[in-house]
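Here is the structure we will look at, set down as structure tokens.
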Amino acid sequence: MSSAPIWGVVATVKAPAKDILNFAAHHLDLGAHRVFIYFDEPNDAAFNALKSHPKCRVTLTDAGYWKRRKGRPDTHQPRQTANATHCYKRKPQVDWLAHIDVDEFLWPREPIAAQLAALPPDTHSARVRPIEALADDPGDPAPSGQIWCKGYARHQRARREETNAIYPTYGDHLNGGFLSHVAGKVFVRTGLPIVSLRIHNAFIDRQADPDPAPLDHTPLVHMHAQSWAHFQKLYQFRLSQGSYRDSLKPAPMPDGIALNMNQVFSALEDEGGEEALRAFYTEVCTATPELRNRLAQFGHLHAVTLDLDAKRRRHFPDFR
């Protein structure tokens, strides 16, 4: 009888030490055999804590690191893909490697190793789909320790109809009601020749894997804009370089007419400034009773308890 596959995660991080260690601790708690962290900027507290853990591997992507790789890309997306591919090619001591971000948390409903073991032996990659965290409604907060998340319909026609019903004011320009990606992330089987990892896909022999297996029992909790303050803090960067940049395509519409997130936010600011942005955030990103009811009608409301503080204390007890 063959043993269960072992798995790990790789992420490029630029975040507070507490957030980085929360990410690592959560996945260690799930059974990750390796957590690979590439630091996009120095963070001594997180670096030292991770380095002392036997299952964590850390890399500081300093000038010397990038000099050996023909220069540091200007934007973070190609840096992420370069780091993840570097990790994969260095024989990462796992059977499967997931490339995810520091604000993303695998949330399996059955052990990840068991799900991976059930895949056909010729499977090269497996996809996890996101659910996006909602901000707490101050007037009707979630139970202690819990967060609410929203999901979306897999198929495009149903997604369009449901999005318009759930988000009546802004649904025309939203893909599943998400501010960030709906593509999800992938696990990649290790030991394959000529592999490169991207943000949302694995390339095998220079071609994107056309049919990753679905890991339907493992949603990916994306803490993309879990509070108004968090949304504001990252807003300008995301607008210029991140998930709201103007080069991204708009949500697909039957008539072909839609705005992308950059255009939506620019229009809101032009029309009503921060007040208009806040109204958008309240309808789309806040777990009001009304939004929760609409999500629940379509099976897209998820209650999640991550318990990150306890996990961080368990795996990194010396961090203060």
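Among the candidates 81, 85, which residue alone is in contact with a Lys or Arg (Cβ under 7 Å, 6 or more places away or on another chain), modelled with pLDDT of 95 or more and under 25 Å from residue 196 (Cα atoms)?
Unique residue meeting the criteria: 81.
Hey, does segment 107-121 have a residue that's touching a Leu at 6+ places or on another chain (Cβ under 8 Å), outside the structural domain of residue 300 (by TED's automatic domain parsing), closer than 18 Å to residue 301 by Cα and touching a residue at least 12 places away in the same chain (Cβ under 8 Å)?
Taking every residue of segment 107-121 in turn, at least one turns out to be touching a Leu at 6+ places or on another chain (Cβ under 8 Å), outside the structural domain of residue 300 (by TED's automatic domain parsing), closer than 18 Å to residue 301 by Cα and touching a residue at least 12 places away in the same chain (Cβ under 8 Å).
Since residue 166 meets every condition but one in (1) assigned by TED's automatic domain parsing to the domain that holds residue 295; (2) surrounded by fewer than 21 Cβ atoms within 10 Å (Cβ to Cβ), which condition does it not meet?
(2)
From the list 312, 278, which one is surrounded by 14 or more Cβ atoms within 10 Å (Cβ to Cβ), within 21 Å of the chain's Cα centre (by Cα) and either assigned to a helix (DSSP H, G or I) or charged (D, E, K, R) (or both)?
312
For segment 3-27, what are the residues that are surrounded by fewer than 22 Cβ atoms within 10 Å (Cβ to Cβ) and modelled with pLDDT of 95 or more?
Hits for segment 3-27 are 5, 6, 14, 15, 16, 17, 18, 19.
Exactly one condition in (1) of a type in the set (D, E, K, R); (2) more than 23 Å from residue 218 (Cα to Cα); (3) assigned to a loop (DSSP other than H, G, I, E, B) is false for residue 154; which is it?
Of (1) of a type in the set (D, E, K, R); (2) more than 23 Å from residue 218 (Cα to Cα); (3) assigned to a loop (DSSP other than H, G, I, E, B), only one is false for residue 154: (2).
Yes or no: segment 204-216 includes at least one residue that is hydrophobic (A, V, I, L, M, F, W, C), under 30 Å from residue 142 (Cα atoms), surrounded by 12 or more Cβ atoms within 10 Å (Cβ to Cβ) and within 19 Å of the chain's Cα centre (by Cα).
Checked against the condition, which is being hydrophobic (A, V, I, L, M, F, W, C), under 30 Å from residue 142 (Cα atoms), surrounded by 12 or more Cβ atoms within 10 Å (Cβ to Cβ) and within 19 Å of the chain's Cα centre (by Cα), segment 204-216 yields at least one hit.
Picking from 89, 67, 150, 51, which residue would you name as being within 26 Å of residue 315 (Cβ to Cβ) and among the basic types (Lys, Arg)?
Sole residue among the options that is within 26 Å of residue 315 (Cβ to Cβ) and among the basic types (Lys, Arg): 51.
For segment 226-242, check the following and say yes or no: at least one residue is in a loop (DSSP other than H, G, I, E, B), within 22 Å of the chain's Cα centre (by Cα), in contact (Cβ under 8 Å) with a residue 24 or more places away in the chain and more than 29 Å from residue 35 (Cα to Cα).
No.
Quick check, is residue 53 over 30 Å from residue 245 (Cβ atoms), surrounded by fewer than 23 Cβ atoms within 10 Å (Cβ to Cβ) and in contact with a His (Cβ under 9 Å, 6 or more places away or on another chain)?
Taking the combined requirement at face value, the residue satisfies it.
Can you find, within segment 169-190, the residue that is farthest from residue 121 (Cα to Cα) among those that are surrounded by 22 or more Cβ atoms within 10 Å (Cβ to Cβ) and among the β-branched types (Val, Ile, Thr)?
Only one residue tops the list, namely 186.
When you look at residue 93, is it surrounded by fewer than 17 Cβ atoms within 10 Å (Cβ to Cβ), in a loop (DSSP other than H, G, I, E, B) and in contact (Cβ under 8 Å) with a residue 12 or more places away in the chain, yes or no? Steps first, please.
Working: surrounded by fewer than 17 Cβ atoms within 10 Å (Cβ to Cβ): yes; in a loop (DSSP other than H, G, I, E, B): yes; in contact (Cβ under 8 Å) with a residue 12 or more places away in the chain: yes.
Yes.
So which residues in segment 50-84 are among the polar types (S, T, N, Q) and part of a loop (DSSP other than H, G, I, E, B), if there are any at all?
52, 61, 75
In segment 28-44, how many residues are surrounded by 15 or more Cβ atoms within 10 Å (Cβ to Cβ) and over 17 Å from residue 311 (Cα atoms)?
Within segment 28-44, residues that are surrounded by 15 or more Cβ atoms within 10 Å (Cβ to Cβ) and over 17 Å from residue 311 (Cα atoms) number 6.
Would you say residue 203 is assigned by TED's automatic domain parsing to the domain that holds residue 32, free of Cβ contacts under 8 Å to residues at least 12 places away in the same chain, among the aromatic types (Phe, Trp, Tyr) and assigned to a strand (DSSP E or B)? Explain how you work it out, then say what you get.
On the way: assigned by TED's automatic domain parsing to the domain that holds residue 32: yes; free of Cβ contacts under 8 Å to residues at least 12 places away in the same chain: yes; among the aromatic types (Phe, Trp, Tyr): yes; assigned to a strand (DSSP E or B): yes.
It is true that residue 203 is assigned by TED's automatic domain parsing to the domain that holds residue 32, free of Cβ contacts under 8 Å to residues at least 12 places away in the same chain, among the aromatic types (Phe, Trp, Tyr) and assigned to a strand (DSSP E or B).
With the checklist (1) among the acidic types (Asp, Glu); (2) modelled with pLDDT of 95 or more; (3) within 22 Å of the chain's Cα centre (by Cα) in hand, flag the one item residue 246 doesn't pass.
Residue 246 satisfies all of (1) among the acidic types (Asp, Glu); (2) modelled with pLDDT of 95 or more; (3) within 22 Å of the chain's Cα centre (by Cα) except (2).
With the condition kept exactly as written, say whether any residue in segment 105-127 is surrounded by fewer than 19 Cβ atoms within 10 Å (Cβ to Cβ) and on the phi > 0 side of the Ramachandran plot.
So far as segment 105-127 goes, no, none of its residues is surrounded by fewer than 19 Cβ atoms within 10 Å (Cβ to Cβ) and on the phi > 0 side of the Ramachandran plot.
The values are calculated or read from the model by the stated rules, or taken from the named source; none is laboratory data. Since the structure is predicted, the reported quantities are computational estimates derived from the model, not experimental observations. No Cβ is skipped: glycine too gets one built from the backbone with ideal geometry, and neighbour counts run over all protein chains shown.
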